[in-house]
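The values are calculated or read from the model by the stated rules, or taken from the named source; none is laboratory data. A quick note: this is a predicted structure, and the numbers were derived from the prediction, not measured. When we count neighbours, we look across all protein chains shown, and the Cβ atoms used for this are built from the backbone with ideal geometry, even at glycine. The accessibility values were calculated without ligands, DNA or RNA, using every heavy atom of the protein model including side chains. Shrake-Rupley method; radii C 1.70, N 1.55, O 1.52, S 1.80 Å.
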Amino acid sequence: MTDKVGAPAARVVLQQCLQARLQVRPAEDQSEAQFVQIDRGMVIYICFFKGATDDILPKMVSSLLNLRLCESDSGKMASVLELPGSVLIVPQATLGGKAKGRAMQYHNNISKEDGLRLYGAFVSLCEKELTAASADVTVKHGTYGNRQVLKLDTNGPYTHLMDF
């Protein structure tokens, strides 16, 4: 889905994984860094653009969770719902960058407040859909606004870019 002038409302990068580990809180004086981890499934990197609304979320979630991008035990491609597999959602504002000279600019990204709200709604909708499909799946997610430190193990850089 795009707005009136054809610009995307959101950009997503999908990466199948065997395992992924994401730092959700950096180490501080009194505490160690905190991480979330998934096993086999899919990492979803997501960025919302100016003009994005809640209207796009159901279509995004349905499209992303039903795409056959994960390799099953038989070698056939399966959706994360069919595996069943887990999902790691990573907020990634850099997906909205455009090069200007030798620097990147992010003028088309949504405001931080609206982005945080849409991100939270997207995570909740993914959790709802995956929980309804299988008890064997988990949804983990990064912290909106934090630097995302990710360790990824994959059996091939099977990466896809999608605009909504």
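Remarks
- Using θ = phi - 60° in the Karplus curve 6.51 cos²θ - 1.76 cosθ + 1.60, the 3J(HN,Hα) couplings for the stretch 18-25 round to 8, 6, 9, 9, 10, 6, 9, 8 Hz; x is entered for Gly and Pro.
- Here the stretch 1-153 is assigned +1 on the Cβ of each Lys and Arg and -1 on the Cβ of each Asp and Glu. Its dipole about the Cα centre then comes out at about 700 debye.
- Loop sites in the stretch 15-67: trypsin sites (Lys or Arg not before Pro), DSSP, at most 15 other Cβ within 10 Å: 50
- Apportionment of accessible area to carbon and sulfur, the chain, percent (1.4 Å): 50 percent
- Taking a straight line from the alpha carbon of residue 140, these lysines sit under 21 Å away, with near neighbours fewer than eight places off in the same chain left out: 59, 112, 128, 151.
- Residue 134-residue 73 FRET efficiency (beta carbon distance; Förster radius 25 Å; 0.05 resolution): 0.95
- Shown is the FRET efficiency for residue 59 and residue 152, computed with R0 = 22 Å from the Cβ-Cβ distance and rounded to the nearest 0.05: 0.25.
- Once both labels are positioned 7 Å from their Cα atoms along Cα-to-Cβ, the gap between residue 29 and residue 98 label points is 4.4 nm.
- Amide H to amide H distances under 5 Å link residue 42 with 17, 86, 87, 88, where only residues 5 or more positions off or on other chains count and H is placed in the peptide plane.
- Global form of the stretch 26-92, assessed from the alpha-carbon gyration tensor, a/c cut-off 1.5: oblate
- Over all projection directions, the Cα-based convex hull of the chain averages an area of 11.1 nm².
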